[in-house]
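Accompanying notes for the structure given below.
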Amino acid sequence: MADALLAVHELDAFYGDFQALFGVSLKVGPGEVVAVIGSNGAGKTTLMRSITGLLANASEMISYRGQSIGAMRADRIANLGIAMVPEGRQLFPSLSVEENLVIGGQTGRPGRWSLEAVFNLFPILKERRDMPSTALSGGQQQMVAIGRALMANPDVLLFDEISLGLAPIVIKQIYQALPQVIAEGMSAIIVEQDISQAMAVSDRVYCLQEGRVALEGASGEVSREQIAQAYFGI
């Protein structure tokens with residue numbers, strides 16, 4: 001993909017002496033939704049942490065709009081237009097719903113996402129804007145985490161395990177909101193263990209297995225047999 005917006009080039013990632021990723025390559029085009037699937041420990045979160053600068057790597061291993069960002073600080077990457085909805089939501093427990101959302105807008109990037117836009121997307125958050133984030137249900141907290149990322153008005157939005165620990169009805173509600181979230185040319189990477197959900201909303205899919213890309217293809221073209229083989233390494 002010559003016109004890739006975001007590209008990962010032969011990424012090796014480490015935690016101390018432990019190597020978590022081995023030569024992982026991935027590309028995301030403008031307006032494209034890419035799914036990253038794989039079992040626990042496959043390296044999905046490490047990949048997200050690397051892209052967002054939470055885990056430093058060699059500069060040339062990750063590029064955004066043609067600029068090498070692999071060794072760049074997380075705040076600078078956010079200012080460039082990459083935001084993440086982290087695994088486990090990671091809200092600030094001492095802050096209200098609204099205060100958590102406002103923090104996401106600290107990049108000052110212009111765009112369509114504001115407090116009112118987030119409240120229109122998730123009306124329950126407007127009703128509970130003054131409540132501590134910890135007083136919300138898990139699904140509502142996930143809505144805050146998504147809203148906080150949107151407040152940064154990113155061009156690329158990363159979702160790390162968006163449905164983890166949520167009830168099926170809540171997962172359905174959040175995925176129903178995704179087309180409105182990923183609109184007007186925004187690109188996204190969706191990390192999921194729920195293969196069906198990931199395939200339904202994505203254009204292309206990568207499957208990680210033990211820190212390596214085991215499968216890559218168009219979401220509508222790869223078979224369940226291919227996914228099972230890549231997912232479980234059989």
Contact list, first residue from region 105-129 and closer than 25 Å to residue 80 by Cα and in contact (Cβ under 8 Å) with a residue 12 or more places away in the chain, second anywhere and part of a helix (DSSP H, G or I) and of a type in the set (Val, Ile, Thr), beta-carbon distance below 9 Å, six or more apart or interchain, is 115/102; 118/144; 118/146; 121/146; 121/181
Apart from one, (1) open to solvent by 60 Å² or more (accessible area, probe 1.4 Å); (2) over 26 Å from residue 185 (Cα atoms); (3) touching a Ser or Thr at 6+ places or on another chain (Cβ under 9 Å) all hold for residue 87; the odd one out is (2)
For region 176-234, the count of residues that are crowded, with 17+ Cβ neighbours inside 10 Å, among the polar types (S, T, N, Q) and assigned to a helix (DSSP H, G or I) equals 1
Within region 59-73, restricting to residues that are among the hydroxyl-bearing types (Ser, Thr, Tyr) and open to solvent by less than 40 Å² (accessible area, probe 1.4 Å), the one that is farthest from residue 17 (Cα to Cα) is 64
Kindly check whether there is at least one residue in region 110-119 that is of a type in the set (Phe, Trp, Tyr), over 19 Å from the mean Cα position of the chain (by Cα) and surrounded by 18 or more Cβ atoms within 10 Å (Cβ to Cβ).
-> yes
Every listed condition ((1) under 20 Å from the mean Cα position of the chain (by Cα); (2) crowded, with 22+ Cβ neighbours inside 10 Å) holds for residue 97 save (1)
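A quick yes/no check of all residues on (1) surrounded by fewer than 21 Cβ atoms within 10 Å (Cβ to Cβ); (2) outside any helix (DSSP H, G or I); (3) among the basic types (Lys, Arg):
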| site | (1), (2), (3) |
| --- | --- |
| 14 | yes, yes, no |
| 19 | yes, yes, no |
| 23 | yes, yes, no |
| 26 | no, yes, no |
| 39 | yes, yes, no |
| 48 | no, no, no |
| 57 | no, yes, no |
Scanning region 158-175 residue by residue, those assigned to a helix (DSSP H, G or I) and under 16 Å from the mean Cα position of the chain (by Cα) turn out to be 171, 174, 175
Flagged in region 1-12 as part of a loop (DSSP other than H, G, I, E, B), open to solvent by 40 Å² or more (accessible area, probe 1.4 Å) and not acidic (Asp, Glu), in numbering order, are 1, 2
Of the candidates 166, 136, 158, 125, the one satisfying the condition of being in contact with a strand residue (DSSP E or B) (Cβ under 8 Å, 6 or more places away or on another chain) and crowded, with 17+ Cβ neighbours inside 10 Å is 158
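The values are calculated or read from the model by the stated rules, or taken from the named source; none is laboratory data. Since we're looking at a predicted model, the values are computed, not measured. Reconstructed Cβ throughout: ideal geometry from the backbone, glycine too, with neighbour counts over all protein chains shown. Only protein heavy atoms, including side chains, enter the accessible area calculation; ligands, DNA and RNA are left aside. Shrake-Rupley method; radii C 1.70, N 1.55, O 1.52, S 1.80 Å.
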